[in-house]
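Chemist: There's a structure below that I have some questions on.
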Number of protein chains: 2
Amino acid sequence: MKELEFINIIKNTLTDSSFIGDDTAFAQGFVFTQDTLVEDVHFRLSTMSAFELAQKAVAVNLSDISASGGVPCYILISLSLPSCLDSSFVEGFYQGVEQSCSKYGIKVLGGDITGSDKVFVSICAIGKAKKQIKRSFAKEGDVIFTTGNHGSSKAGLEILEKNLAFDEKFIQAHKLPTPKIKEGAIIADVCDSPALMDSSDGLLDALYKIALASSVTLEVDFDFVPYDFDIKKLSSDWYNWVLFGGEDYELVGCARESDFSKLQEVLSLHQIGHVVAKSDFPVIIKKDGEYRQITSEIIENMSFDHFKKGPQ
Amino acid sequence: MKELEFINIIKNTLTDSSFIGDDTAFAQGFVFTQDTLVEDVHFRLSTMSAFELAQKAVAVNLSDISASGGVPCYILISLSLPSCLDSSFVEGFYQGVEQSCSKYGIKVLGGDITGSDKVFVSICAIGKAKKQIKRSFAKEGDVIFTTGNHGSSKAGLEILEKNLAFDEKFIQAHKLPTPKIKEGAIIADVCDSPALMDSSDGLLDALYKIALASSVTLEVDFDFVPYDFDIKKLSSDWYNWVLFGGEDYELVGCARESDFSKLQEVLSLHQIGHVVAKSDFPVIIKKDGEYRQITSEIIENMSFDHFKKGPQ
């Protein structure tokens, strides 16, 4: 079963499901999110230290807060781990948490620690909401933009999993993504109701969800999509890594032309396309002069499915 | 390794560990908590339906909010489950969530759903803080009180695990505990800085933690400790079930004599002892005219350890 089906079940079961579907929820001046990383689904202990895991788990959650234009302030952490892992794992993990707290100016409010067969990290992050930003706010005529490279995290994962030619920058992109906190806050400040998401599940996944939620079509010119050109040395499949790889935690958004001009004065952004009136396809990618129409089947087949076994 | 050792590692690793150690944290007028239930550690799918599991997972978290005198308002839910569980599990689970939301007047703010080998439920609960209530607020001369029966949940678990004589009320106490939300709010309203905890990890565990945090000794008269007398029919070990069983989610607290008198006018509470000056033992239990001094070794050996395999 796919995540979207689960979300539909949840929406149909809860009387008040107004908060379900987005990655974050706004309430009482705050924005809330919760995300879980599971051993052998989202990471492997053979390639990820406790120190790195903690930082990634925090980053994943802060990225969602930033993609809502919130300023992260608190986290709660549930850590479940097998009894074979000793105190040094917990120490390394919390050193990673401490590093992230210091880097992003957040505090640990609590959480719990339990036994399990595999390592689970579930983090709830809370930010101050500057204004409500949602994926459903894209409008015809908007500029589509992103904050940085796509595909690098997938490249790092492939290097680790398949022993491809070692390249530290890709491994770092995979293990230690940087949530775009400053960028999210500036976008919230400058823009009037922008649509925004992070690319946690891939660039195309983000574009597709924005298009569906906003009832528009997103036309993207691949020539303007930023990626590290060294990715081409790793695999002939690099094009799909850029579009579907996921876990880059860049921001992907749509803003009015005038707001985007103001944003460019203070942020280094990549304009990758335009929002057009809704057509039969939510996303259209232009590459080498040809147009590729993105269907929901393509998204489902290519994007990360939490219910497949093993990291991506 | 024991939970207390983990907490010490976390306290020593984080620069700002002021929130670590209590079950909840107060910030910005709200009180926060996060607790996880793990299949085959906290529950078994053979004895617990998805509907029941959801309600228990919510109750466990709301109980912590209530024990801080907070009024629960929001939850976020991370659900991880094996691919063999189908949509009916998710539907049953969220029907349980809906039941709890309706019963306790709370809303689901979000969360996520991921794959895993076992079922994991990690819930973050947020309440409005009426005032700060902590386990460290007990004072010499205080009345020690509790809201209801202890040992019933353990009795229910033993019936399920060991096929003891069936008794529905104990099974219900184990599967569907009721967080003491009304009681927590009234205690917060009426009392000046009471010490309060829930008995999630057992009556004695709560008494012991209050005593340590408050630097006092708690003298408890077992004759006044409430329990269902039918528990005696189930096992000769019933006395330990009452003291150490856990998962009853009753409130255990200490209040000034005058505040306790006021509480008794509006709540049905059980006075079970008095707080005295700190002695060599944090908790002393009087039973059949004899005094049993509770050491940390007794607590550690008898209480629930999340790092043992299987439910209790």
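The values are calculated or read from the model by the stated rules, or taken from the named source; none is laboratory data. Note that the coordinates shown come from a computational prediction; the quantities given were computed from them, not determined experimentally. Here the Cβ is made from the backbone with ideal geometry for all residues, glycine too, and neighbour counts use every protein chain on show.
Chemist: Here are some residues: A:Lys209, A:Lys134, A:Lys107, A:Lys118. Which one is surrounded by fewer than 24 Cβ atoms within 10 Å (Cβ to Cβ), within 14 Å of another protein chain (Cβ to nearest Cβ) and under 30 Å from A:Arg292 (Cα atoms)?
Modeler: When all the criteria are applied, what remains is A:Lys134.
Chemist: Now, a different point. Starting from the range B:240-258, keep only residues that are among the β-branched types (Val, Ile, Thr), then list their pairs with residues that are modelled with pLDDT of 95 or more whose Cβ atoms are within a distance under 6 Å, requiring at least 6 positions of separation or different chains.
Modeler: B:Val242/B:His150; B:Val242/B:Gly151; B:Val242/B:Tyr227; B:Val252/B:Thr146; B:Val252/B:Met197; B:Val252/B:Ser199; B:Val252/B:Ala206
Chemist: Output yes when any residue across the range B:126-136 is polar (S, T, N, Q) and farther than 23 Å from B:Ser18 by Cα, and no when none is.
Modeler: No, the conditions are met nowhere in the range B:126-136.
Chemist: Of (1) more than 10 Å from every other protein chain (Cβ to nearest Cβ); (2) crowded, with 20+ Cβ neighbours inside 10 Å; (3) without any contact (Cβ under 8 Å) to a residue 24 or more places away in the chain, A:Ser46 satisfies all except one. Which?
Modeler: Among (1) more than 10 Å from every other protein chain (Cβ to nearest Cβ); (2) crowded, with 20+ Cβ neighbours inside 10 Å; (3) without any contact (Cβ under 8 Å) to a residue 24 or more places away in the chain, the lone unmet condition for A:Ser46 is (2).
Chemist: Does A:Phe6 qualify as being facing another protein chain (nearest Cβ under 7 Å), surrounded by fewer than 23 Cβ atoms within 10 Å (Cβ to Cβ), farther than 23 Å from A:Gly184 by Cβ and within 21 Å of the chain's Cα centre (by Cα)?
Modeler: Taking the combined requirement at face value, the residue satisfies it.
Chemist: Here's another thing I want to ask about it. Going through the range A:109-135 one residue at a time, which ones are more than 28 Å from A:Phe26 (Cβ to Cβ) and either part of a strand (DSSP E or B) or touching a residue at least 60 places away in the same chain (Cβ under 8 Å) (or both)?
Modeler: A:Ile113, A:Thr114, A:Gly115, A:Lys118, A:Val119
Chemist: While we're here: Which one of these is within 18 Å of the chain's Cα centre (by Cα) and assigned by TED's automatic domain parsing to the domain that holds A:Ser200: A:Leu234, A:Leu267, A:Leu263, A:Leu243?
Modeler: After applying the criteria, what remains is A:Leu243.
Chemist: Looking at the range A:194-205, I want the residues that are outside the structural domain of A:Leu176 (by TED's automatic domain parsing) and have a partner that is crowded, with 24+ Cβ neighbours inside 10 Å with Cβ atoms under 9 Å, at least 6 apart or on another chain. Which pairs are those?
Modeler: No pair meets every condition.
Chemist: Is one or more of the residues making up the range A:183-194 under 30 Å from A:Arg292 (Cα atoms), under 13 Å from the mean Cα position of the chain (by Cα) and surrounded by 21 or more Cβ atoms within 10 Å (Cβ to Cβ)?
Modeler: Yes - at least one qualifying residue is present in the range A:183-194.
Chemist: Among what's in the range A:210-221 and is in contact with a Leu (Cβ under 8 Å, 6 or more places away or on another chain) and not in a helix (DSSP H, G or I), pick the residue that is nearest to A:Gly273 (Cα to Cα).
Modeler: A:Val220
Chemist: Here's another thing I want to ask about it. Of all residues being part of a helix (DSSP H, G or I) and at pLDDT below 95 in the range A:160-170, which is surrounded by the most Cβ atoms within 10 Å (Cβ to Cβ)? Just the residue, please.
Modeler: Per the stated criteria, the residue is A:Leu160.
Chemist: Let me ask you something else. In contact with a Lys or Arg (Cβ under 8 Å, 6 or more places away or on another chain) and closer than 16 Å to A:Leu81 by Cβ - does that describe any residue in the range B:19-26?
Modeler: Among the residues of the range B:19-26, not one is in contact with a Lys or Arg (Cβ under 8 Å, 6 or more places away or on another chain) and closer than 16 Å to A:Leu81 by Cβ, which makes the answer no.
Chemist: Limited to the range B:175-209, what total is found for residues that are at negative phi and assigned to a loop (DSSP other than H, G, I, E, B)?
Modeler: Here the count works out to 11.
Chemist: Of all residues in the range A:9-43 being more than 7 Å from every other protein chain (Cβ to nearest Cβ) and among the aromatic types (Phe, Trp, Tyr), which is farthest from the chain's Cα centre (by Cα)?
Modeler: The selected residue is A:Phe30.
Chemist: Of the numbered conditions (1) within 13 Å of another protein chain (Cβ to nearest Cβ); (2) more than 16 Å from the chain's Cα centre (by Cα), A:Glu161 fails exactly one; give the number of that condition.
Modeler: (1)
Chemist: Oh, and also: Can you tell me which residue within the range B:58-94, out of those that are acidic (Asp, Glu) and at the interface with another protein chain (Cβ under 9 Å from one of its Cβ atoms), is surrounded by the fewest Cβ atoms within 10 Å (Cβ to Cβ)?
Modeler: Checking each candidate, the answer is B:Asp86.
Chemist: Residues that are out of contact with any helix residue (DSSP H, G or I) (no Cβ under 6 Å at 6 or more places or on another chain), surrounded by fewer than 20 Cβ atoms within 10 Å (Cβ to Cβ) and at pLDDT below 95: does the range A:95-104 have at least one?
Modeler: Scanning the range A:95-104, I find no residue that is out of contact with any helix residue (DSSP H, G or I) (no Cβ under 6 Å at 6 or more places or on another chain), surrounded by fewer than 20 Cβ atoms within 10 Å (Cβ to Cβ) and at pLDDT below 95, so the answer is no.
Chemist: Let me ask something additional. Which members of the range A:199-221 meet the condition of being of a type outside the set (S, T, N, Q), farther than 21 Å from A:Ser68 by Cβ and touching a helix residue (DSSP H, G or I) at 6+ places or on another chain (Cβ under 8 Å)?
Modeler: A:Val220
Chemist: Does B:Leu203 qualify as being among the hydrophobic types (A, V, I, L, M, F, W, C) and either under 30 Å from B:Cys101 (Cβ atoms) or buried (at least 22 other Cβ atoms within 10 Å of the Cβ) (or both)?
Modeler: Spelling it out, B:Leu203 is indeed among the hydrophobic types (A, V, I, L, M, F, W, C) and either under 30 Å from B:Cys101 (Cβ atoms) or buried (at least 22 other Cβ atoms within 10 Å of the Cβ) (or both).
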